[in-house]
Amino acid sequence: MFDWHPKNMLRVFKPSDNPKGVRFGPATVLEDLSERVPRYLDDVDQGKLIYPACRRALSDASGDVRSVWDDTRLEAMRYVMMVPGREFDLLGHPARQMEMIDAYLFQRAHAEIVIEFTGTASTDFAMAILAGLNWLTHCAHLANVPPAQQTGTIRNFRRIVTVAQQWWLTEGAAERCDQLIANRQQPPLMLYLVFSEYTRLAKQVAAAAVFGSSINRSAKLVALPKDLISRFETAQDPNELAGI
């Protein structure tokens, strides 16, 4: 189950043009994704990167585990970012969380990756979220992630969203959400739920794609940075591996 302990908060972004330091909040996450998802897809279209990321070898451009992890997550997030209308308040504003959660829980589970949008933003986001989960399941299959880790992806995320629904139904939820963000913590906004789950699943894909079925065996066969394995195993976000 998803909990909202500070240790599980998303890693914040550090834009190079922000000399005052780190910014935090759902708007920052969306701004970053709005820039990086199109740039990544452009690089793929121009043949600069092997796609999907889980198909890369260590010798390929961006074939390191941090890049494969991050790019696999971007591949999943693209469906959410391409929803028409850009009503991202459904994902990141406290007042609209019940609307978005209800739409997601009402949406019938599907196995589609290519989707047709309906024009109803909440429904379109729900379908896009499912498409991203299905993409990660597809990548897990390509990367030979152990079958036990591939099953129940949509069911598990539905449970997470159901817990979030209960949280938002309690009195004072919106105020608590604002306070958590003010304290640089991660409330159960749909944006955070989706991004966190995609991050977790993309990590499994990256591990299988780069390290193979046995991290320890691979570490002996491939010249990897000395502390990469231990840092990867404890990392919650690919940004934690920057500089390796």
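The values are calculated or read from the model by the stated rules, or taken from the named source; none is laboratory data. Computed from a prediction, not measured in an experiment: that's the story for all the values here. For neighbour counting, all protein chains shown are included, and Cβ atoms are generated from backbone atoms with ideal geometry for every residue, glycine included. Each accessible area value is taken on the protein alone, full model and side chains, heavy atoms only, with ligands, DNA and RNA left out. Shrake-Rupley method; radii C 1.70, N 1.55, O 1.52, S 1.80 Å.
Only one of the numbered conditions (1) among the charged types (D, E, K, R); (2) assigned to a helix (DSSP H, G or I); (3) open to solvent by 30 Å² or more (accessible area, probe 1.4 Å); (4) more than 28 Å from Leu180 (Cα to Cα) is violated by Asp71, and that is (3). What do you reckon, is Thr123 hydroxyl-bearing (Ser, Thr, Tyr) and modelled with pLDDT of 95 or more? In short, yes. The number of residues in segment 174-202 being assigned to a helix (DSSP H, G or I), open to solvent by 50 Å² or more (accessible area, probe 1.4 Å) and under 21 Å from Pro238 (Cα atoms) comes to 1. Can you find a residue in segment 56-64 that is under 27 Å from Arg231 (Cα atoms), of a type in the set (Lys, Arg), assigned to a helix (DSSP H, G or I) and touching a residue at least 24 places away in the same chain (Cβ under 8 Å)? No. Residues of segment 116-142 that are assigned to a loop (DSSP other than H, G, I, E, B) and either polar (S, T, N, Q) or open to solvent by less than 10 Å² (accessible area, probe 1.4 Å) (or both): Thr118, Thr120.
Here is a check on your reading of the model: is Ile160 touching a residue at least 60 places away in the same chain (Cβ under 8 Å), open to solvent by 10 Å² or more (accessible area, probe 1.4 Å) and part of a helix (DSSP H, G or I)? Answer is yes for this residue.
Within this structure, Ser213 fails the test of being open to solvent by less than 70 Å² (accessible area, probe 1.4 Å), at pLDDT below 80 and either small (Gly, Ala, Ser) or not in a helix (DSSP H, G or I) (or both).
Of the residues screened, Glu171 is not one that is assigned to a helix (DSSP H, G or I), at pLDDT 90 or above and open to solvent by 50 Å² or more (accessible area, probe 1.4 Å).
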